[in-house]
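Student: Just passing along the structure, written as structure tokens.
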Amino acid sequence: MNPDIGADLGARALHVLETVFGYPAFRGQQGEIVEHVASGGDALVLMPTGGGKSLCYQIPALLRDGVGVVVSPLIALMQDQVDALEEVGVRAAFLNSTQSFEEAMRIERLVRSGEIDLVYVAPERLMTPRCLELFESSRISLFAIDEAHCVSQWGHDFRPEYIRLSILHERFPNVPRIALTATADQQTRAEIAHRLQLEDARQFVSSFDRPNIRYSIVEKTTGRKQLIDFISSEHPQDSGIVYCLSRKKVEETADFLNEHGIRAMAYHAGMEHTVRAANQARFLREENIVMVATIAFGMGIDKPDVRFVCHLDLPKSIEGYYQETGRAGRDGLPASAWMAYGLQDVVLQRRMIDESEADETFKRVLSMKLDAMLGLCETLSCRRMRLLDYFGERSGPCGNCDTCLVPPVSFDGTVPVQKLLSAIYRVDQRFAGGHVIDVLRGAQTERISQWHHDKLTVYGVGADRSEQEWRAILRQAIALGLVTVDHDAFSSLKLTDLARPVLKGEQKVQLRQYQKPVKAKRPSTSRSSYEETELSRDEQAIFDRLRSWRMGTAREHGVPAYVVFQDATLREIAKVKPSSIDQLRGVSGVGEKKLVSYGDEIVAIINEMS
Ligand code: ADP
Ligand code: ZN
């Protein structure tokens, strides 16, 4: 880009990072990756969401001669990505089906003449003879293959066009390629390397920890009501995502939030395409807004200031849960992953597996994934340790999850579980959870007298525990595989082979104590390994003022607010209170172009307020 900055690649990379993007230092492996690709090497990069993958190809593209080609399946987001680059003074454009022929011709000319640094293309576009010829007759600095897990036929984001990307290796043998993904597992990684012919590429695998995300999983009682309590006590002014299993529940939940004064929109695959796209665009642009969605909503949601991700239903696997919660806190500021989970979730997910069309082997895989997810929900130890362990990473207690902050109480649950198992057995394994709990608690219902269940020896032996407590015990018995829920019309409970040793007293069962829901309190951060620095009252006032300035500016320019400046940058400005352009230059996230565009306005706001 600028040849006289010095021959040392590392120094040049750092210079671009500072002057263009305004960041003082590379994060994690970014620096190494940038140097490797900038000097012509191929790379396979695995980094969690929010880890900072984009710079890994953007900076090499700026350091090398020619145009960097970014292959991405996310057509809807290309405009925002290009806007964000233009804001920092990088010459970027995209080629996709949303633009006119004339516009595409114009971009093609820029590519050919090298008057551009980066061009984004969808994979199907790239594979057209016209596009391949364009790139063959232009100078290409690198190919970046974003969301590279789309090449995996086993993953849920599979795109057939991605398979054909191996052609890049054959037709452009001298152009470095960098493939990037946030999908962690070994199998997907091997598949990407194989299908994209990147077996010889250097692999960069980052830690998958997201220390700024606080995980908590609570027992579901009222569900939606708990959600409102959570949002209004922890994140009243913030943007977030709420995941639900069904389309109907998505719409009902969005309505419910709106009725309670929380601005929310819905997103699911059954909605009309234009409405869906409009909601997504609104979510990306606005602040203080909640998206209620099925898992159809997600890939490439690059909004950095999503402060919370909630699950009102149990995800099918830890992979899914981690990917969805990973959309919180990309900007590195504190964020929450909150889930409410209950007996019904376990029953429903087990039934969905039983009733699915999949063959037995696949059902077993689904079952194992669900078991791992249940293990996370019921764990007595640190959630983050469990999560990272699942991805093969060892760690210690984190201090920033619910079980670390308020350690759950466990107790020897052998006797109550034995009572539960015998009750299921005594009613001939033909009744659902509700009835079994009624029998245990000695309730007087029509069904109990009709079946003479008040004559059973187990009748009333569990009267000392509340219905909620029994539900928690039953849920754990199902999670532990002692009990299954039949998918007959009655959802009757059945004992498994694992129940026998417990009934005979040969095996003890450790349970998690049911905790009466308490209003969430913000625990002090002193014990946590993740330090959140609060703004003082003055700083908060400056921050609020900057946010409203940002909103106006973003509207004027027709870009999302975070493209102007991210929260992290505004927070730092509020703390540093720069009274001159030079002081502002040192703030992380303020590069040269933004200094020119916005410097005077920011300094004026600061001076006016101090
Ligand atoms: P990913 O694509 O891996 O999810 P992004 O590339 O979108 O992550 O980066 C996530 C966030 O981190 C962005 O807000 C980006 O501006 C910020 N970021 C990336 N690298 C750095 C860095 N070296 N210093 C400070 N912030 C960074
Ligand atoms: Zn923890």
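The values are calculated or read from the model by the stated rules, or taken from the named source; none is laboratory data. These figures come from a predicted structure and were not determined experimentally. Positions of Cβ are generated from backbone atoms using ideal geometry, with glycine treated the same way; all protein chains shown enter the neighbour counts. Surface areas here come from the heavy atoms of the whole protein model, side chains and all, with no ligands, DNA or RNA. Shrake-Rupley method; radii C 1.70, N 1.55, O 1.52, S 1.80 Å.
Student: How many residues are in a helix (DSSP H, G or I) and in contact with a helix residue (DSSP H, G or I) (Cβ under 9 Å, 6 or more places away or on another chain) when one looks only at the range 570-595?
Tutor: Of the residues in the range 570-595, 14 are in a helix (DSSP H, G or I) and in contact with a helix residue (DSSP H, G or I) (Cβ under 9 Å, 6 or more places away or on another chain).
Results for (1) assigned to a loop (DSSP other than H, G, I, E, B); (2) outside the structural domain of Gly223 (by the TED database); (3) open to solvent by less than 50 Å² (accessible area, probe 1.4 Å), shown as yes or no for each residue.
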{"site": "Tyr322", "(1), (2), (3)": "no, no, yes"}
{"site": "Leu333", "(1), (2), (3)": "yes, no, yes"}
{"site": "Ser336", "(1), (2), (3)": "no, no, yes"}
{"site": "Ala340", "(1), (2), (3)": "no, no, yes"}
{"site": "Gln344", "(1), (2), (3)": "no, no, no"}
{"site": "Gln349", "(1), (2), (3)": "no, no, yes"}
{"site": "Ile353", "(1), (2), (3)": "no, no, yes"}
{"site": "Glu357", "(1), (2), (3)": "yes, no, no"}
{"site": "Thr361", "(1), (2), (3)": "no, no, no"}
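Student: Can you tell me which residues in the range 399-418 are within 15 Å of ligand 2 (Cβ to nearest atom) and more than 19 Å from the chain's Cα centre (by Cα)?
Tutor: Gly399, Thr403, Cys404, Leu405, Val406, Pro407, Pro408, listed by residue number.
Student: Here's a follow-up. Might you let me know whether the range 29-38 holds any residue that is under 25 Å from Val564 (Cα atoms), open to solvent by less than 40 Å² (accessible area, probe 1.4 Å), more than 16 Å from ligand 2 (Cβ to nearest atom) and within 22 Å of the chain's Cα centre (by Cα)?
Tutor: Yes, the conditions are met somewhere in the range 29-38.
Student: From the list Gln444, Gln468, Gln450, which one is within 23 Å of Gln349 (Cβ to Cβ) and among the polar types (S, T, N, Q)?
Tutor: Gln468
Student: A further question follows. Show the residue pairs meeting these rules: Cβ distance below 9 Å; 6+ apart or different chains; first residue within the range 294-319 and within 16 Å of ligand 2 (Cβ to nearest atom); second residue open to solvent by 10 Å² or more (accessible area, probe 1.4 Å).
Tutor: Ile318/Lys369; Ile318/Ala372; Ile318/Gly375; Ile318/Arg386; Ile318/Tyr390; Ile318/Phe391
Student: Pick out the one residue from Leu380, Leu440, Leu374 that is in the same structural domain as Ser491 (by the TED database) and either more than 16 Å from ligand 2 (Cβ to nearest atom) or open to solvent by 60 Å² or more (accessible area, probe 1.4 Å) (or both).
Tutor: Leu440
Student: Sticking with this one: Only one of these conditions is not met by Asp389: (1) in the same structural domain as Thr294 (by the TED database); (2) touching a residue at least 12 places away in the same chain (Cβ under 8 Å); (3) away from ligand 1 (no atom under 16 Å from the Cβ). Which number is it?
Tutor: (2)
Student: List the pairs whose first member sits in the range 344-356 and is free of Cβ contacts under 8 Å to residues at least 40 places away in the same chain, whose second member is open to solvent by 70 Å² or more (accessible area, probe 1.4 Å), and whose Cβ atoms are under 7 Å apart, counting only residues at least 6 apart or on separate chains?
Tutor: Pairs found: Gln349/Lys316.
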